[in-house]
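The values are calculated or read from the model by the stated rules, or taken from the named source; none is laboratory data. Just so we're clear, the structure is a prediction, and the values are computed from it rather than from any experiment. All Cβ positions, glycine included, derive from the backbone under ideal geometry; neighbour counts span all protein chains shown. Ligands, DNA and RNA are excluded from the accessible area calculation, which covers all protein heavy atoms including side chains. Shrake-Rupley method; radii C 1.70, N 1.55, O 1.52, S 1.80 Å.
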Amino acid sequence: MTSEESQEYCKRFNGSFSIVSPKEQLAATRLMRRLQITEPVWVDLQQSSSLGFWGWTTGETLAWNNWKGGQVPQLPLYHHCGALMPEKDDFKWTDMNCMIKQRALCYDGVVTSAKEYM
């Protein structure tokens, strides 16, 4: 699914996955390891095409940094959707082209039982 398709799909399960705290990142990391995810999955992270800042589509701002390489991605605008990507022993946020088709991580109400869908 594209990023937009994954958001629509995940709405059926209470929404896409936002990682608004290090505690939620830890839960997401455990889930990704348990599911043996080896490729990026869409999460609810987007860059404003007009202002350039990153945030969760729920309206929450990024209160902490888990970006691949430790740096917030800058423009180009065609990479303004966020994914959770395996990196060594961890999972980091990365910017990706929103039209790439990949799996999505959907939220089902409890962060530790989020579901991953194709």
Does segment 20-37 include one or more residues that are touching a residue at least 24 places away in the same chain (Cβ under 8 Å), open to solvent by 60 Å² or more (accessible area, probe 1.4 Å) and outside any helix (DSSP H, G or I)?
-> yes
Restricting attention to segment 58-91, and to residues there that are over 23 Å from residue 36 (Cβ atoms) and small (Gly, Ala, Ser), which single residue is modelled with the lowest pLDDT?
-> 59
Look at segment 45-93 and say how many of its residues are under 18 Å from residue 30 (Cα atoms) and assigned to a strand (DSSP E or B).
-> 10
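Which residue is modelled with the lowest pLDDT, if the candidates are limited to segment 38-57 and must be open to solvent by 50 Å² or more (accessible area, probe 1.4 Å) and under 16 Å from residue 5 (Cα atoms)?
Taking the candidates together, the pick is 57.
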